[in-house]
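The values are calculated or read from the model by the stated rules, or taken from the named source; none is laboratory data. Small disclaimer: the values here were computed from a predicted structure and weren't measured. With ideal geometry, Cβ positions are generated from the backbone for all residues, glycine too; neighbour counts draw on all protein chains shown. Keep in mind that these areas ignore ligands, DNA and RNA; they rest on the heavy atoms of the full protein, side chains included. Shrake-Rupley method; radii C 1.70, N 1.55, O 1.52, S 1.80 Å.
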Amino acid sequence: MPPTETGSPARAVTVMIYTRYEYRKVYARVHMLGETHLAQGGKVELVLYSTRSGETRETRVVSNIGHDEVAFDTGDIPSGCCDFRATFIDRSGTRFTTRTLQDKWPGDLPWLGSREGITRRVPGPWTPLNATESGDDLEITCWGRTYTFSTTAFAAQATSTGSQLLAGPLRPVARVNGKKVRWTRGRLDLISAEKDQAVFSVRFESSSSLAVSARLEVDFDGMARIDWSVTAGTILRLDALSVEMPVLKDHARYLYHFPGSWGEARNVGALPKSDIKMGFRPFIWLGDEDRGISLFAESDAGFHVRNPGKVTEIVRRKNRVRLRIHCVSTPIKLLPGSRRGGQFTGFGTEDLKPLTPGGVVADELRYTFGFQATPVKPVTEDAWDQRVFCIGQTTTGFSPRLDVSDALLDRCVESGVRAVVLFEHWADAEAYTRTPHAAEIRKIVRACKDRGLQILLYFGFLISDIIDEWQAVGKDALILPKGGYPVFHYQPQPEQSAWRVCLNSPWQDLLADGMAKIMDEFDVDGVYLDGTEYPFGCCNTEHGCGHVRADGSIAQTFPIFSTRSAMRRIYDIVKSRKKDGHVNVHNSTCMTMPTLGWATGYWDGEQFQGVGGGVDVAKLLPLDAFRAEFMGRQWGVPAEFLHAGAAYTYEQAWAFTLLHDVPVRAHNADDDLDLAARVWRIMDAFDRKNADWIPYWRNKDQIGVSPGNAHASIYRHPEHGALAAISNMDSKRRNVTVRLNIKELGLRGALNATDTLKNKTVPIRDGVLEFPLSSLEWKLVQVKEV
């Protein structure tokens with residue numbers, strides 16, 4: 001049975017109540033906003049009450065959320081205002097704190113309330129969860145990771161691919177009445193343990209009467225959500241409250257935080273040696289080249305801090321790196337009581353007076369955090385296997401409108417392309433799920449299938465004002481502050497406005513339902529998502545985003561959980577129809593794994609589009625930044641690089657991507673695709689997939705390279721010898737010397753070295769190669785026995 005209210009704070013959720021009216025009757029439909037998966041097996045108790053008397057007039061139970069319409073008779077209610085009160089009850093019987101929004105029924109929208117992609121199935125390559133209780137502890141295992149939970153922390157340990165990540169428990173840290181709090185008297189209660197999700201509560205207290213109650217949900221992809229509250233048994237002064245995650249320093253070599261910015265890579269790279277203090281970041285990851293762990297929160301709601309620029313702190317201490325998120329740094333008076341979540345102005349009794357003028361008095365503080373260890377899933381097929389090519393309005397062989405030539409598709413096949421993306425021009429409205437060009441789409445799909453090519457259709461992060469649904473739901477679905485393309489002038493599409501859209505809104509249903517219908521109608525092999533995974537900061541209270549600060553301003557919500565729900569639906573929609581289908585995501589700067597983890601591949605690099613020539617590429621995109629963000633290994637999602645801007649050419653981009661075993665997607669069907677095809681053929685001939693890859697940062701036993709800004713990563717194959725990707729990352733031309741440790745590479749006897757791209761012999765003597773390389777020039781040299 002679920003624990004009592006004192007053992008677990010109510011989980012929060014937002015529902016939209018759509019209403020219509022007939023004389024003295026009110027009809028209501030309840031829709032789950034954002035986290036649509038919650039509705040499975042749940043129900044809503046909907047109450048109509050008089051705001052004047054508080055008296056409950058009628059109660060209805062909505063079991064088929066998003067579809068059932070319930071009626072309330074208002075004929076015998078005294079004149080005055082009425083309102084709705086809703087309580088969501090999940091499949092385990094837990095009652096959630098339920099926020100209600102209300103709007104007029106928008107009319108018959110067949111996609112509204114769609115259940116497409118909402119399932120409790122555990123799709124491959126993930127495996128079902130396993131929860132094991134041992135005394136007071138709980139161990140939950142998902143693919144590649146194990147989390148251990150105890151009675152006095154949010155998590156005691158997290159293990160990824162066989163390595164422990166934490167140097168201590170993930171837990172709240174508090175100071176009360178000038179003294180640091182020590183947590184004792186804990187209890188853990190398992191609520192449910194299913195294949196797709198485990199739910200449990202934990203409560204712990206201190207001798208100062210400060211108590212923490214938390215509800216945790218662990219999903220099969222390793223995402224753990226923590227809804228927690230802080231209360232007091234007596235009146236006390238809460239001086240400080242933070243969440244701390246200590247990570248072993250060997251697994252905290254790199255830092256990534258979201259959001260990033262365009263034109264630079266300052267939010268990612270090697271963890272600085274000095275301590276870090278910065279403002280609130282909704283997503284922070286610490287890791288190494290193979291694994292890591294993230295801590296995230298959608299907003300800073302409930303934070304009471306003296307200096308907002310120091311909410312986030314990262315501190316090095318001996319064998320650990322401590323990530324600390326400050327929730328309270330200005331003293332708060334906490335009161336015992338049952339008015340959960342109440343905050344008081346200070347008028348009334350002495351107990352309600354704040355510690356300082358304008359200070360906060362509260363009986364409960366509530367927060368929601370999450371954590372997730374990476375990689376999130378095994379990579380069985382990477383970008384070298386997928387070989388995606390995008391067909392857009394500037395692609396040679398594509399004549400607007402939607403005339404893809406046989407010559408272009410034949411060129412793709414001859415080059416080794418395996419999947420093509422038809423960009424947004426397949427629909428008139430930007431990023432929409434319907435098209436007036438069905439005949440042309442079927443023709444293109446048929447031409448691709450006849451050639452053995454997979455085909456993906458484009459979807460994105462925008463909502464167009466020329467769609468039929470704009471008047472009904474458009475403005476309520478927008479991200480605010482409003483941004484995007486005031487005049488979206490992308491021929492051959494018609495003129496329109498296209499604005500950023502929030503997936504915490506009903507737009508999630510339209511997108512999921514529309515993608516499912518498109519896949520069924522046209523038999524496409526998946527979707528290309530342009531920024532759909534991005535949890536844009538949003539202040540639109542019409543769909544539940546944003547929170548009101550004390551000064552009356554509205555702060556952003558970064559809807560990670562809702563965007564995650566949308567991405568999970570999309571993954572299921574694709575994979576339930578096409579086992580080898582693609583969810584190919586253009587993600588530039590965004591590595592929020594609760595959302596991006598559902599991608600079958602990510603395409604990153606457009607953030608450098610506005611950078612001109614003549615810059616120092618080593619400073620623009622340092623190798624440590626590439627290792628952290630663009631490599632894919634430690635994230636569990638295959639990576640592919642996007643060449644954009646004038647800082648380097650398409651060919652030069654391979655200089656730094658090949659060092660990391662990452663290909664560069666071809667932009668055009670001319671020189672770019674020709675070069676990509678040559679590299680693919682080299683990798684196929686060498687049998688890269690069955691070779692050991694030894695990257696430049698850990699191959700000193702196998703190879704030595706000079707000068708210092710030249711690097712080499714090696715593939716080692718039992719039959720084909722060694723294939724070295726050698727690059728000059730210096731800003732000047734250099735004579736490069738490569739010294740191979742023949743014994744370590746498993747080579748013996750007389751050796752032959754070949755520049756595989758030019759098919760020319762390279763002199764080799766005693767395992768030493770020497771040749772000049774210009775700035776950002778590279779070679780793929782194969783060394784094998786004669």
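In region 405-466, the portion of solvent-accessible area held by carbon and sulfur atoms comes to 50 percent [1.4 Å probe, whole percent, DNA, RNA and ligands not counted]. Computed from point charges on the beta carbon alone (+1 for Lys and Arg, -1 for Asp and Glu), the dipole magnitude for region 16-58 about its Cα centre is near 200 Debye. Accessible surface ranking for Arg215, Arg627, 1.4 angstrom probe, highest first: Arg627, Arg215. About the centre of its Cα atoms, region 100-178 shows a dipole size close to 180 debye [charges on the beta carbon of Lys, Arg (+1) and Asp, Glu (-1) only; nearest 20 debye].
Of Val501, Ala439, Ala427, which is farthest on the positive side of the dipole of region 420-509, counting Cα position, with +1 on Lys and Arg Cβ, -1 on Asp and Glu Cβ, and the Cα centre as origin? Of the options given, the answer is Ala439.
Over all other residues within a Cβ to Cβ distance under 15 Å of Leu745, the charged ones net out to +1, with Lys and Arg as +1 and Asp and Glu as -1.
Dividing the mean sequence gap of close Cα pairs (under 8 Å, 6+ apart) by how many residues region 165-236 holds gives a relative contact order of 22 percent. Sorting 173-179, 455-461, 691-697 by their mean Cβ neighbour count within 10 Å, with the most densely packed peptide first, gives 455-461, 691-697, 173-179.
Length available on full extension from Asp450 to Gln40: 0.36 nm per residue minus the Cα-Cα distance, which gives 143.6 nm. Projection of the Cα convex hull of region 667-786, averaged over all directions and equal to a quarter of that hull's surface, yields 7.6 nm².
May I ask you to give the percent of accessible area on region 627-786 that is carbon plus sulfur, with a probe radius of 1.4 Å? In region 627-786, the share of accessible area belonging to carbon and sulfur is 42 percent. Accessible surface calculations at 1.4 Å, restricted to protein heavy atoms, place the chain at 39 Å² per residue. For the listed peptides 500-506, 82-88, 473-479, a ranking on the average number of other beta carbons within 10 Å per residue, highest first, reads 500-506, 473-479, 82-88. Think of region 592-716 as having a plus end and a minus end, set by charges on the Cβ of Lys, Arg, Asp and Glu; of Thr649, Asn699, Ile714, Asn699 sits farthest toward the positive end of this dipole. Within the full protein context, the accessible area of His257 is estimated at about 20 Å² for a probe radius of 1.4 Å. Across Tyr23, Tyr602, the residue with the most accessible area heads the list, and the full order at a 1.4 Å probe is Tyr23, Tyr602. Between the labelled values (1) 55.0; (2) 35.9; (3) 45.0, the entry that holds mean projected area of the Cα convex hull in nm² as derived from this structure is (2). Placing unit charges on the Cβ atoms of the charged side chains and taking the dipole of the chain about its Cα centre, the candidate lying farthest along the positive direction among Phe154, Ser399, Pro763 is Phe154. In this structure Ser201 has an accessible area near 0 Å², from a 1.4 Å probe over the protein heavy atoms. Arg446 sits with roughly 140 Å² accessible to a 1.4 Å probe, with DNA, RNA and ligands left out of the calculation. The charge dipole of the chain, taken about its Cα centre with unit charges on the Cβ of Lys, Arg, Asp and Glu (plus for the first two, minus for the last two), comes to roughly 2560 debye. Modelled label positions at Thr761 and Thr396, each set 7 Å beyond Cα in the direction of Cβ, lie 3.4 nm from each other.
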